[in-house]
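Undergrad: Here it is, the structure in full.
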Amino acid sequence: MGDPHPKLQAHAVTRTFGRAPQAVHALGPIDLTIAPGEFTCVVGPSGCGKSTLLRIAAGLLRPSRGELTIRTASQRPAAMIFQDYGIYDWKTVQANVRFGLDIQKVPRREANTRATDWLTRMGLADFADAYPAALSGGMRQRVAIARALAVEPEILLMDEPFAALDAQLRTILQDELLALTQTTRTTTLFITHSLEEAIVLGDRVLVMSARPGRIIAERRPPFPRPRSGEIRTTPEFTALKSELWDLLRGEVGTEAAA
């Protein structure tokens, strides 16, 4: 039997920015439940509030109305990975990965061991003493992922982490993240514009409307785990991608007409 209690739960979450009469209704109402170990992807048109939802989950924003809770056993349950890497140019790769552990006051020897372990898993062991300026975009994003996972978060929040990368590198990192999260079973909320990314990675794909963003559809990719990137070549993958695009097309049109 799995854990019957959700890891993340949102009830009627709404977010507006500014004050009336110029207030912008950006998000909601949103109801959302994510089970422990579930990888949930959210897709939607630009400006629909996807990143706003993620920032509320991270505690960086408060909802205007409603409530979002994360059931947790630790004081720092969530780790967040941004599109722009979010790593520090003046710290070595090792120090970047160790950063969250240092904040948690993990003893230095243990922190170094855990950071080295994650650098090895991400194929970065040879770059431990390098600085981010010496790394490619894909390597920087690997550092960001290693730093987030080194603190062993209960929930991983990812805001279009591969959007700035070229198509080939994006595919490679999708496959690496797929393999990694299937091993760790970290509960993940993943924001993306890419339908392919959502289908490859997600246990569940949520489609959001144009602003104010609401969840208008939910689909579960019909691929058992463990899965690999080879599912991209299947008829089921193509069919689901087409179905999701049909759902999104109307919302993108609504956004363009606004």
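Undergrad: Considering only the stretch 107-122, I want to know if a residue exists there that is surrounded by fewer than 23 Cβ atoms within 10 Å (Cβ to Cβ), outside any loop (DSSP other than H, G, I, E, B), under 24 Å from the mean Cα position of the chain (by Cα) and modelled with pLDDT under 85.
TA: For the stretch 107-122, residues surrounded by fewer than 23 Cβ atoms within 10 Å (Cβ to Cβ), outside any loop (DSSP other than H, G, I, E, B), under 24 Å from the mean Cα position of the chain (by Cα) and modelled with pLDDT under 85: present.
Undergrad: Taking the stated definitions as given, is T234 exposed (fewer than 15 other Cβ atoms within 10 Å of the Cβ) and modelled with pLDDT under 90? Show your work before the answer.
TA: On the way: exposed (fewer than 15 other Cβ atoms within 10 Å of the Cβ): yes; modelled with pLDDT under 90: no.
In short, no.
Undergrad: Moving on. Quick one: count up the residues across the stretch 24-39 that are crowded, with 22+ Cβ neighbours inside 10 Å and not small (G, A, S). Spell out the reasoning first.
TA: Within the stretch 24-39, the subset crowded, with 22+ Cβ neighbours inside 10 Å is 27-28, 30, 34, 39.
Cutting the leftovers down to not small (G, A, S) gives us 27, 30, 34, 39.
Residues meeting the conditions: 4.
Undergrad: Moving on to the next point. Quick check, is L177 farther than 19 Å from L32 by Cβ and over 13 Å from the mean Cα position of the chain (by Cα)?
TA: On the way: farther than 19 Å from L32 by Cβ: yes; over 13 Å from the mean Cα position of the chain (by Cα): no.
So L177 fails the test.
Undergrad: When the residues of the stretch 159-191 are filtered to those that are of a type in the set (V, I, T) and out of contact with any strand residue (DSSP E or B) (no Cβ under 7 Å at 6 or more places or on another chain), which remaining residue is surrounded by the most Cβ atoms within 10 Å (Cβ to Cβ)? Spell out the reasoning first.
TA: Within the stretch 159-191, the first condition is being of a type in the set (V, I, T), and the residues that meet it are 171-172, 181, 183-184, 186-188, 191.
Then drop every residue that is not out of contact with any strand residue (DSSP E or B) (no Cβ under 7 Å at 6 or more places or on another chain), which leaves 171-172, 183-184.
Values: T171: 17, I172: 14, T183: 10, T184: 14.
In this case the residue turns out to be T171.
Undergrad: Out of the residues in the stretch 65-91 that are at pLDDT 90 or above and crowded, with 17+ Cβ neighbours inside 10 Å, state the one that is nearest to A164 (Cα to Cα).
TA: Looking at residues that are at pLDDT 90 or above and crowded, with 17+ Cβ neighbours inside 10 Å, I get L68.
Undergrad: Any chance you could count how many residues in the stretch 201-224 are in contact with a strand residue (DSSP E or B) (Cβ under 9 Å, 6 or more places away or on another chain), farther than 14 Å from L247 by Cβ and not small (G, A, S)?
TA: Qualifying residue count, the stretch 201-224: 7.
The values are calculated or read from the model by the stated rules, or taken from the named source; none is laboratory data. Since the model is a prediction, treat every value here as computed from it, not as a measurement. No Cβ is skipped: glycine too gets one built from the backbone with ideal geometry, and neighbour counts run over all protein chains shown.
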